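Take a look at the structure below.
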Amino acid sequence: MISVEEALRLVEQHARPLAPRPVALEQAAELVLAEEVTSAVDSPPYDKSLMDGYAVVSSDRAEVREVLEEIGAGSVPRRPVTPGTATRLMTGAPLPEGADAVIAFEETQPIDDRTVRFLQTDPAPGQHMLAMGAALRIGQRVFEPGVVLRPIEIGILAEIGHAVVNVQPRPRVAVLPTGNELVAANEKPAAGQIRNSNGPMLAAAVARCGGEPIELPVARDDRHELRRLIRAGLEGDVVLLCGGVSAGKFDLVPDALAELGVDEVFHKVALRPGKPLWFGVKKFDDRQVLVFGLPGNPVSSFVCFELFARPAIAALAGRGFATTPVVVARLSHDFHYKGGRTSCLPARLSASEIKPRQPDESVGSGSGSALSLVEILPWHGSADLVTLAQANALVRLGTEPERLSAGARVDVMRV
Ligand code: AMP
Ligand code: MG
């Protein structure tokens, strides 16, 4: 049985970014850019008004001027502005030839439809306008590969007409629950049956971390059915099996994977909960698929997903093998820890940790530096998802037994 650290190292070694692919801009949100983007346009493409007002020659000091025409956004001025004249225009409209400033309506008094009085006659050149190319120039480098496409980046790509973008695609993650006892959430379990909670839980976890979940039907504990559904899962980039990886008579998953040519990287990790975890890789000519056999118990499944599968999905998506950050907190109670395996125990970090900053509190002052309290939740074993729902963190303890007192510092991962 290998350590958690060694298992992480092995998963990281195999979790390589997927081949980049072009996608429509509408599909690209939150994905990682896989190309260098340069602007094919000047932005704005013309000198543009930033206010509703009058386009003028900035050096013109005349109080009363002739109004040449009125231009809305989307229209084009026809007459050049000269001293003694002005063009009425709306926000976003192009400035006419000759104009180099805008005077806001608030600084004017209309005399009649063709004449206007200016209260301001000394605008700085460039007032209330954005010059052509002020934001971006043709040929200017806009983004480097590796940038995460947030809404702002998506907006800029649209602005410059980059409607198809090369990205690291969203990893497709097949979720395959196994077990004769499982029925779907909308079915009534017969005697000896339970509902499949892991399938929907893992699919939601995949979606939350940027993967595209593909929920497969529950596989019975039957060689042929398992093989058929695993084969379907291998169409994706990652397969998350759950259940059937322990030492029971009906734990057929490792054999089924071997029969399909999935190479085992490790089976069993010194982790509590989560010891039966299986990990391997199926290599095809032009791609590879990461296969996780997660333990069936819901809490074990969740912990193994958090520790191993989530960083792997991030790595495939081009975000790097991002493990959950570990923070330090103080235990709110005594805890006798039996050691043996690395443990990740469902826990609740006190609200003080996530309290918003008060208006009178300066950044980085006082209370922020105090360690928050964490309570390891009384737990009814690894099938207890209901206790897990109280948890917002996992307390991570090492392999040595410890008698921890209230106030002791412990490592904590938020989940
Ligand atoms: P296994 O690893 O297949 O022996 O499963 C371990 C335990 O987890 C058993 O009590 C199963 O009933 C339970 N279990 C397995 N898969 C699921 C699932 N998809 N949803 C809920 N419980 C499950
Ligand atoms: Mg089972």
Notebook entry, point to check: Counting pairs of alpha carbon atoms under 8 Å apart in space and at least six apart in sequence, what relative contact order in percent does the range 1-157 give?
Noted result: 34 percent
Checklist line | Fraction in percent of alpha-carbon pairs per bin - 20 Å, the chain | finding: 21, 36, 23, 17, 3
Margin query: What is the percent carbon and sulfur in the accessible area of the chain, measuring with a 1.4 Å probe over the protein chains and ignoring ligands?
Written below: 52 percent
Item checked: Label point 7 Å beyond Cα of Ser405 along Cβ direction - residues of the range 334-350 with amide nitrogen under 16 Å -> 334-337
Next item on the list: Mind ranking 209-222, 13-26, 275-288 by how tightly packed they are, going by the mean number of other C-beta atoms within 10 angstrom, highest first?
Entry: 209-222, 275-288, 13-26
Check: How do 142-148, 315-321, 172-178 rank on mean C-beta neighbours within 10 Å, highest first?
Finding: 172-178, 315-321, 142-148
Check: Along the principal axes of its C-alpha atoms, what lengths does the range 70-215 span, in descending order and rounded to whole Å?
Finding: 91, 36, 24
Margin query: Please compute the modelled spin-label separation between Arg141 and Phe284, points set 7 Å along Cα→Cβ, answer in nm with one decimal.
Written below: 3.5 nm
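If you roll a 1.4 Å probe over the heavy atoms of the protein chains, what accessible area per residue do you get for the chain, in Å²?
On the way: 20170 Å² over 415 residues.
Dividing the accessible area of the chain by its residue count gives 49 Å².
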Next item on the list: Take peptides 370-377, 187-194, 156-163, 72-79 and line them up by average Cβ neighbours within 10 Å, highest first, as a rough protection proxy.
Entry: 370-377, 156-163, 72-79, 187-194
Next item on the list: State to the nearest 20 debye the size of the charge dipole of the chain about its Cα centre, where the only charges are +1 on K and R beta carbons and -1 on D and E beta carbons.
Entry: 1620 debye
Check: Applying the Karplus parametrisation 6.51 cos²θ - 1.76 cosθ + 1.60 with θ = phi - 60° to the phi angles of the range 92-98, what ³J(HN,Hα) value in whole Hz is obtained for each residue in order, glycine and proline being reported as x?
Finding: x, 6, x, 6, x, 3, x
Check: What full-extension length gain, to one decimal in nm, is calculated for Arg195 and Val183 as 0.36 nm per residue of separation minus the Cα-Cα distance?
Finding: 3.8 nm
Check: Say the dipole of the chain comes from +1 at the beta carbon of Lys and Arg and -1 at that of Asp and Glu; which of Trp278, Val23, His336 then lies farthest toward its positive end?
Finding: His336
Margin query: Take Ala163 and His380, extend 7 Å from each Cα along the Cα→Cβ direction, and tell me the distance between the two endpoints in nm.
Written below: 5.7 nm
Item checked: DSSP beta bridges in the chain [antiparallel fraction, %, rounded to 5] -> 70 percent
Margin query: Using the Cα centre of the range 29-83 as the reference point, and only Cβ charges (+1 on K/R, -1 on D/E), how large is the resulting charge dipole? Debye, rounded to the nearest 20.
Written below: 340 debye
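Do the sum for the chain: with -39,500 (n - 2.57) for every DSSP H run of n ≥ 4, divided by all residues, what is the mean residue ellipticity at 222 nm, to the nearest 500 deg cm²/dmol?
Rounded to the nearest 500, it is -4500 deg cm²/dmol.
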Next item on the list: For the range 1-53 and the range 171-236, compute the distance between their C-alpha centroids and round to whole Å.
Entry: 30 Å
Notebook entry, point to check: What length, rounded to one decimal in nm, is gained on full extension from Arg61 through to Ala24, with 0.36 nm per residue of separation minus their alpha-carbon distance?
Noted result: 8.2 nm
Notebook entry, point to check: Counting only residues 5 or more places away or on other chains, whose amide H sits under 5 Å from the amide H of Leu68 once H atoms are built in the peptide plane?
Noted result: Ala86, Thr87, Arg88
Note to self: For a quick check: with amide H placed at 1.01 Å from N, whose amide H comes under 5 Å from Val183's, ignoring anything fewer than 5 positions away on the same chain?
What the structure shows: Ile194, Arg195, Asn196
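The values are calculated or read from the model by the stated rules, or taken from the named source; none is laboratory data. Here the structure is a predicted model, which is why all the values come from computation and not from measurement. All Cβ positions, glycine included, derive from the backbone under ideal geometry; neighbour counts span all protein chains shown. The area values use the complete protein model at the heavy-atom level, side chains included, leaving out ligands, DNA and RNA. Shrake-Rupley method; radii C 1.70, N 1.55, O 1.52, S 1.80 Å.
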